[in-house]
Every structure is written in structure tokens, then in C-alpha cells.
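Q: Below you will find the structure I want to go over with you.
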Amino acid sequence: MSESVDPGVGEAVTTGPESAVETTEGDVLVEVEDLRTYYDDDSLFGAPVKAVDGVTFDVRRGETLGLVGESGCGKTTLGRTLVRLERPTDGRVLFDDIDVTTLSGEALKEWRRNAQIVFQDPDSSLNDRMTVGEIVREPLDVAGWRSAEERRERVRNLLDTVGLQEEHYFRYPHQFSGGQRQRVGIARALALNPEFIVLDEPVSALDVSVQAKILNLLEDLQDEFGLTYLLIAHDLSVVRHICDRVAVMYLGHLMEIGDTEELFADPANPYTHSLLSAIPEPDPTARKQRITLRGTPPNPRDPPTGCPFTTRCPAKIRPEEFADVGDELWERVEVFREVLRERNRADLSVRQRVKRLLGRRTQYDDVDEVITDLFDDAPVDVPEELRGHIGEAADRVRAGNPGKAVAYTDDAFSSVCDTEKPAYYAVSGSGRESFCHRHGGGYESVDDVVERKRSNDGLDV
Amino acid sequence: MSTTTAAEDAPSARRSEGEDLTLRERIAANPRPALTWGAVFALLVALEFGALASGLIVLTRTAVVGITAVIQVALEALRAPFEALGLEPVVGIVNDVLGVWETSQGRFPVTSEAGDISRDTVGKIAESKRHDAPKTFSLLWVQYQLSDFLFGLQHFTESVPTLLNREVIPNQGFKTGPAGPWKNTFLGLEPAAAWAVRATLVYVYAFLTMFWVFKAYNVYREHYRVADWTPRDDVVDRLRGHRWGQFGFVVVFMFVTMAVFAPTLGPTTAEANIESTYQNEVQYFDSESGQVEEVFVGQANAGAKSKGQGDQNVGPLSYDDYGRYHPFGTDVNGQDLFTFMVAGSRISLFVGLIAIGLSAFVAATLSLLSAYYKGLVDLATVIAADSVIALPQFLILIMVSVAFQGHWLSRVYSGGMLIALVFGLSGWPFLWRAVRGPSFQVAEEEWIDAAKSFGQRVPVTMRKHMLPYILGYLLVYGSMSLGGIIIATSALSFLGNGLGINPPTPEWGRAIAAGRNYVSTQSWHIATIPGVMIVLVVTAFNALGDGIRDAIDPESEGAEGGGAAAGGGG
Ligand code: SF4
């Protein structure tokens, strides 16, 4: 048990907006409070996609804050919301203490100068029918900045600043390489002299050899102009290389946020653990096992009620009643639940849907094989109670109703991770926070659980 | 802020390097190529200034009448339900906007019978009915004043002498004796030769002018453009190597030339030969009386009919008994078929251009809006388009023709305007379907987000960042549909019965209708020549469309539909 690591650690510091961890280093430029961005993608009916689902953090002036997570976790939507390319559903974004989520019209246009974005795909971010000069000049034209002549001059200077030649003014994007195009995109973002720039995977579309150059350029620009960055990335080595702090995102939530080195060296949240374990170890003799996550992230239209990571968490808290069930057997129970969820979610053809509606089974409803695989040849005996629940669930699947089976297992096997949202706990002296029940009192520490998992190394399914 | 200092570094120093200069300054720095080009161009324009300017004015006037007509019809449609409900004040307001005709009989709100401003067929100048002018400021007043002004301007420009003119190179004359020399013709040549000289000169002039306009692009590219490469260059280069597209272009160009120079090209004019045959006379050498006689054109036409049997036929490339030369022969009424065809090309082109212009405008606007805003806007557009598609165009046309019988609109260009509006307003979904995909594709591009991120206005974003990517598709499908509209207009005129373009205004379809019984006789030309020309023109428009498509989007070669990348232009 590790509830005694640090004074103050283990206490919930935040669940809501009034929470920013008091820090001494640097003042805050952007304050994000319980931000939510939901959107209906194309379908007019059905639940909205909860891309960002209650996120609170600060961006400090002059820092580079990394935002990492698997694709689809909402990190891009979060970045786009911060520069008001998406309209937030709820929450506030305070930019120098002004709430920018409610701005509109001229005020919004005025504010937009302060917050710019560099896009991921340099092929798509530049209009091919305009010259590079026109592209970089457009923000200045829109803002009505000085005279036409001064604007052209500024564009030349910007091209120079980002490492292009002034003669490139009259070239078209087609004549440039990916790296050069990205430089043009950076020059455009710089044109209005913003304070804050969202970098949406700025190098992931580029050749490895070019990536470093662009990253160095971004760092130089930051020093030169005192910029504040939010760097969205899935390449963790990039993040470790240039970010001061990192925020880890999963299914619309921040799982952990804090100092980069600390977070990489000693992750607190189970999700951060599994994310980092995916980085290949530089030292081949290191015996660290990779943590493989089972299943796929839940549908963001219908996220879990409790912790967002609950369906896949390797350190998930066990319900009281099953505390004495062996780890490996319990793992099989969780796998069984994941199988049920996947069955329920599987995109069925219309015919199969009709079959299911008529109470007939589809090929997805063949549950007995799964039970045999999982439990009949389990290394230890399956307790009666457990078998009973599994049998009940299987009956519901056989009846052609995997939805009910999922509901049943949710009910029978649920723990605090399934039912309650965790709080943010300070997990280090520097103010790093993690979103996990295990940091609260009375649970085995994340490190211990993860370590045990690693040495057991889960079973193959 | 730190970076604003950038602009202080002596911007004028750079101006000498040439890249920052405006086009005018760049030309001033190296005036020779531009001056050479400009001088030749000015000469070309001066030669035919009257004809070109009047053509331009006719186009403008057509647009004015067309646009106001659309608004007017929409308002009239709006007025009806209020009238039915007895909401007098609203009806009054609408009437005020529409305007009131003041005639000797009193004031009338605009109704179908009240006024007639369809004073002419295309290009022909008639007397305006000033006593019928709307007196108060209103939509009709605006239309009337604008149209009247342009009318006056047109009258003026047509009085400006041109080089290629039937007065300068006349082909109508008479023999002074049985074998005697020709009188009144150009240099005393026989009418066929005189006409051929004029027609050839018109086409030489047209091709020269077109060549010179293309030359402007080269001069600009070579001497004045700062960028040494643009995406447009690739398009032009690909078009240069596209034979099928070039064939289309040349035929289309000849067709357009025919329409623009219609009054000059024919051996006689539509007015003299077709419309007012008893106000014009023709002199000829009568071999029976042995002297030069004078008859009304109408009488001469009666003696020059092509009716298939006996000696009742004046075939292509022949003279009739009155010394008149007929390059395409005569039709069943004895009218000159070539004159009929060139005058008809104007109507066909007008109807086609107005309809396509209207369709393209609606299609582009709606597809851009729905691609940008998506969601409900898109749904509304889809429903609107599907509803319009669901109605058979032909049925709409018949219904509209009946509903507008007697309305002044039905007399503009002898019904051509009404047909054009119906085709335009019912045909846009077809163009819309072609550009919707590309619109959505370009709306996904990140440069749209970029524009939003620095606060670009939405209309500008659409025009600058989206429209260029669908314009090519509009051109492609527009030129292909134009062929369809020409066929449809001809088909309607072929059917007659109040549909299509009404007599006496020439329309190709009517020539086919009139000549269809004589196809197997010696008068085969009446239906065959217009038929072949329609096929040729329609094919050419399609070929041109193919050419443009392959030029903007080389990957789609031969493929149907606009599925390929929106990033046309290399
Ligand atoms: S709250 Fe539970 S499920 Fe969520 S990360 Fe912590 S242990 Fe895992």
C-alpha cells in the first residue's frame, strides 16, 4: 500500500471548476474550466458525441503544454475549441480573464488574433490556388493591418522568420515540400502576432528527417516571440522533447496532467502507465512488459458513468464481493464483459437487426464458445456465485439480447470505478494531478497493481 | 509588439526589385510588349466597335430583363395568396413594388395584360411605347428605365460604322441584262462571291480576335507575371494538347461568332427576309420583261419556296428567280434558310446562356452554402433539389406556358425568355448534383478552418477558398447541359402549338418541323441542315466540356461524374 508517499498526496484536490492547482511558476494565460464540446456528426438523431467531456486545466504563459492521447480521444476537438473553431457546449475558457466562449461578432474576430492554430496536414491547410504570399497575407488583410505595402513587407519578413526565402512570395504551395508547406502554415499563424498557438500534430504528416527541423523552428519562435503553445501529439517522444508539461487525455477527460519529466519517469494514472508502456524501451535489457489494453475505447456517444477508463483499465478496482477472486480469473471476467460489450456494439446488418428484434439469434450471439474458452479451462475453479452471474448473462445473450446481458454484468460486477467519477488527486509536490480512484484512501497503489500485472502478464484471449 | 517593427524596415527599398509593383507599374517599367498587344487589340476592336458594343449591350439588357422578370414573377406569386385572403394593405405594398402601368385608359396594377415591353426580337430595334411607361418608382420602372437606356445605347452603337458590314460589302444586287454585269454588289461580283467574301472576312476577323485575346495571356505570362508558375498554367497546357476539346472549342466558337455577327453574316437580314417582308423590296432582272423590276420581298419569297415537287425548290448554293443567293437554299415559305439559321443561333445561344447562367448561379450558391453549413441547410437544399427534380421539366414548361399566356414575359424574345427562365430554375438541381460532391470535398480542407481561425468572413471564404474548386465542374457540366437546352428549345419549337419560340422569330427546331415532310424530296435541305447543325453544336459543347474536365482534373480522364479530387488545377 502506498497511501503514505507524500504529504498531501491522496487528497482529492479537485473535481470542479474552482480548482486550478496553485502554482508559483509563471502566470496563467488560458484557464479552461469544465469545458465540454459535444457534437452531432451528420446524424440528426441520436446522442451527441461527447468529444470533450468536462476538462479543467491551465496553460501558463510562455510554456508548451503537450496534449496526448489515442486518436479519437478528443484532443484535437479540445484544441480546436480553444481557438473557437468549435463552439463549446458548456464550460468556460478564460483567456487573460476574458471568457472567450461567449464572444461573437467583432469581439470574436478581434480576439482571434490572439489565438491561432497550426494544422496537421500541410497538404490540406494551404489553398493551392493562392500564392504563398497571398496565403500568409490573408490574416493581415482580414484584420485590416496597416497599408498593403506594409503587409507585403511583413509577409516577406515572416517568410524569412520561418526559414523560407522572400522570393517564395510568388510561388504556389504545389512547388513546396511538406516541411516547407508547414513553414508557410506557421508563418500564417504568426502573421497576427498571437500570444497563444495551438499546434495540432504539426509534424506527424512530415518525414522524420524534417520533423526535428520544424520542432526546432517552433522552439526558436517561442523564444523569440514569447509564444505559448498547446502541442497536440500522439508521438510521445516529440512531447517529451519539447513540452514543459503534459496533459493525458482519454475519452474526453484529462487523466493526468503535470510536469513532463516527472510524468514520463513516474506516471501516476493507470492510463498514463499503459500509454507510456507503448513506447519502445531504449534499453533492450529492460524487462518492462508492455501493458496491452483489451478491447477498444467505448463509444463517446455513450461513455461510462464512472471513470472513462473503466472498461479497459488494467488497475481497475475490484468490487468488494469478489475481492478474493484470483487476479487471473478476474481478468477473464473483465474480458467476458468486454466481449459482451463488443457484441452489443457490433454493427449489424439490417437483416441481423431484424433477426434480433424478432428474438432470433445472430452469429454474434454465440456465447457458449466464449464461456468455454474463458472459464471452463480456467486454471482455478470458478466460484459458484461467479458462475451464476455468468450463466445469467449468457442466458440473455442466447435470448438475442446482448444489451441486457451487458446491463446485467454491469450491475453484478460493478465497482466504484464503474459507478463514480474519480476526482483529481495531487500526486506529486509539483502539483501533478491524476484522475483515478486509486489515489484516494484505502486502495492498493496504481504502481503496485500495474507492476503485478506486468509480471503476471495477462492471458491471451 | 515585437514583430510589428518588421514593417519599418524601409519597404520602399524593395519596390525597385519589381515584385512588389502593381501590374500597372510593372507595365510602365516595360511597356513595349503591352503596348504592341494593346495597339493591335485596339485596332481589332475599332474595326467592329459598333457590332461588339451592341452585342454586349444586348447581353446586358437581356440580363436586366431576366433578373427583374424573376423578381417580378416571384412577387406576383406572393401577391396571390394575400389577395385571396383579402389582405389589401399587403397587396398594396406588393403592387407598389411591382409598379403600375399608366396608359391612356388609366392606371393598372401590373397584370399579365397591362404592359408590353417586349419591343423586339433580339437585336432588332423597334419603337418603344413611351405612353405605356410606368411613372412611379418601382421594380418595373427600374426595369423600364434601364432597358430603355440600354436600348438607346444599342441604337447608337449600331449606327457606328463597322468594317464588316453589309453596306460595305453588299451582296444583294441585280443583273442589268440577261448576262449583264451585276449592279449594287461588292465590286460588281456576283452575289454568291460577294456574300462569301463577307462571311469569310467575318470568320477571319473572329478567329484573329480570339487568337489575339489568347495572346494577351502569353504576353502577361511572359513579361508581367511575377510568379513563374501557377496552377492555371497546367490547365492551359493540358487544354493545348486536347484535340477533342479543341474541336469542341472551335465549333462552339464558330457558333458564337454566328450569333454575334448574325445580322452581317446572312445574305439578307431576318428583319427584311422573314419578319417584315412587305416593308422591304428587292430589285431583279426579269428575263420575261427584259428589264429590272422591283417586288416586295414577300412576293419574291412566295416565288422561291422549297416544297419538294416540280420546280418548287431552291436548294443549297443556288439562286432563286429574283437573283437572290441562298447558301442553304430556301425553306417552305421561300425564306432564306441561312439567314434563318444565323438569326436562330442568337435565340438558341441566348436561351442556353441565360438558362445555364441561372442554373449555375443557383447550383453554386446552394452547394457552397450546404457544404459550409451542413446539417439542416444541407437537408433543406437536398429536399428542394429533389422536389424540383421530381417535377418533369416538360410538364412545368407546358404549365408555365399556359399560365403566362398573354403575360408580357411570354413575349420577350418571342417566348425565349420564359423558356430560359423555366430551364434555368428547373435545371439547377442537375448542376447542383455535379458540384455538391466537390463542394463538400473542398469544405473539408483545413484551409477553410484556417480562414475561420483568423476571422475571414464567410462569403469571402466561400468565394476565395471554395468557389475556385467547383468552378471547373460548373464549366464542364454547364457546357454539357447547354447542348441539352439547345436541343430542348428546338424540340419545343418543333412541337409548336404555343410552346417554344413563336414565329416569326427564327428557331432551328421550327425549320426542322417545317421541312420534315420533305426530307425524302429534293427539298431535303430544309430539315437536314438545321438537324445536322444542332447535332454538331451539341456535340461540340460536350467535347468542350470533356476538354475542360480533363484539363482541370487529369485523373478523371474518361470517367463519368466529378468523383476525382477537388484539387483540380494540377
Ligand atoms: S478510477 Fe478505476 S478504472 Fe479509472 S483509472 Fe483509476 S483504477 Fe482505473
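Q: Just for segment B:443-478: of the residues that are over 27 Å from B:Asp546 (Cβ atoms) and in contact (Cβ under 8 Å) with a residue 24 or more places away in the chain, which one is farthest from the chain's Cα centre (by Cα)?
A: B:Ile448
Q: Picking from B:Val250, B:Val295, which residue would you name as being more than 20 Å from B:Leu59 (Cβ to Cβ), over 23 Å from the mean Cα position of the chain (by Cα) and not acidic (Asp, Glu)?
A: B:Val295
Q: Taking helices (runs of 4 or more DSSP H) that do not extend beyond segment B:427-536, which have at least 3 residues that are farther than 24 Å from B:Leu366 by Cα?
A: Where helices (runs of 4 or more DSSP H) fall fully within segment B:427-536 and carry at least 3 residues being farther than 24 Å from B:Leu366 by Cα, they are B:467-495, B:508-515.
Q: I've got another one for you. Give me the helices (runs of 4 or more DSSP H) completely within segment A:121-217, filtered to those with at least 2 residues that are within 21 Å of B:Val460 (Cα to Cα), over 25 Å from the mean Cα position of the chain (by Cα) and facing another protein chain (nearest Cβ under 9 Å), ordered by residue number.
A: The qualifying helices (runs of 4 or more DSSP H) are A:132-143, A:148-161.
Q: Right, here's the next one. Based on what the data block shows, is B:Gly498 out of contact with any strand residue (DSSP E or B) (no Cβ under 9 Å at 6 or more places or on another chain), modelled with pLDDT under 90, crowded, with 19+ Cβ neighbours inside 10 Å and at positive phi?
A: no
Q: When you go through A:Asp302, A:Asp324 one by one, which is the residue that is modelled with pLDDT of 80 or more and surrounded by fewer than 20 Cβ atoms within 10 Å (Cβ to Cβ)?
A: Residue meeting the stated conditions: A:Asp302.
Q: Would you pick out the residues in segment A:295-314 that are among the hydroxyl-bearing types (Ser, Thr, Tyr) and either within 14 Å of the ligand (Cβ to nearest atom) or under 17 Å from A:Ala407 (Cβ atoms) (or both)?
A: A:Thr305, A:Thr310, A:Thr311
Q: Moving to a separate point now. Which residue, of A:Val59, A:Val52, A:Val83, A:Val93, is within 14 Å of another protein chain (Cβ to nearest Cβ) and either hydrophobic (A, V, I, L, M, F, W, C) or surrounded by fewer than 23 Cβ atoms within 10 Å (Cβ to Cβ) (or both)?
A: It is A:Val83.
Q: For segment B:95-110, does any single residue satisfy the condition of being at pLDDT below 60, surrounded by fewer than 18 Cβ atoms within 10 Å (Cβ to Cβ) and among the small types (Gly, Ala, Ser)?
A: Yes.
Q: Can A:Ile317 be described as over 30 Å from A:Val380 (Cα atoms) and either more than 13 Å from the ligand (Cβ to nearest atom) or open to solvent by less than 20 Å² (accessible area, probe 1.4 Å) (or both)?
A: no
Q: Can you name every residue in segment A:235-274 that is within 23 Å of A:Glu444 (Cα to Cα) and acidic (Asp, Glu)?
A: Listed by number, the residues that qualify are A:Glu256, A:Glu262, A:Asp266.
Q: Identify, from the list B:Leu425, B:Leu369, B:Leu421, the residue that is buried (at least 20 other Cβ atoms within 10 Å of the Cβ) and touching a residue at least 12 places away in the same chain (Cβ under 8 Å).
A: Step by step, each of B:Leu425, B:Leu369, B:Leu421 is checked, and only B:Leu421 is buried (at least 20 other Cβ atoms within 10 Å of the Cβ) and touching a residue at least 12 places away in the same chain (Cβ under 8 Å).
Q: Report, by residue number, each residue of segment A:432-442 that is open to solvent by less than 40 Å² (accessible area, probe 1.4 Å) and modelled with pLDDT under 90.
A: A:Gly440
Q: Would you point out which residue out of B:Ser359, B:Ser276 is modelled with pLDDT of 90 or more and among the small types (Gly, Ala, Ser)?
A: B:Ser359
Q: Whether any residue in segment B:340-351 is of a type in the set (Lys, Arg), touching a residue at least 40 places away in the same chain (Cβ under 8 Å) and closer than 13 Å to B:Pro506 by Cα is what I want to check.
A: yes
Q: Take A:Pro267 and tell me if it is open to solvent by 50 Å² or more (accessible area, probe 1.4 Å) and either at pLDDT below 90 or under 27 Å from A:Cys436 (Cβ atoms) (or both).
A: no
Q: What are the residues in segment B:428-445 that are open to solvent by 30 Å² or more (accessible area, probe 1.4 Å) and within 14 Å of another protein chain (Cβ to nearest Cβ), if any?
A: B:Phe440, B:Gln441, B:Glu444, B:Glu445
Q: Which residue out of B:Val45, B:Val90 is farther than 29 Å from B:Ala420 by Cα and not assigned by TED's automatic domain parsing to the domain that holds B:Leu146?
A: Within the list B:Val45, B:Val90, the selection yields B:Val45.
Q: Looking only at segment B:137-171, count how many residues are open to solvent by 70 Å² or more (accessible area, probe 1.4 Å) and not hydrophobic (A, V, I, L, M, F, W, C).
A: Summing the residues that are open to solvent by 70 Å² or more (accessible area, probe 1.4 Å) and not hydrophobic (A, V, I, L, M, F, W, C) in segment B:137-171 gives 6.
The values are calculated or read from the model by the stated rules, or taken from the named source; none is laboratory data. Every value quoted in this text rests on a predicted model; they were computed, and no experiment measured them. Heads up, the Cβs are rebuilt from the backbone with ideal geometry, glycines too, and the neighbour counts pull from every protein chain shown. Heads up: the accessible areas ignore ligands, DNA and RNA and are worked out on the full protein's heavy atoms, side chains in. Shrake-Rupley method; radii C 1.70, N 1.55, O 1.52, S 1.80 Å.
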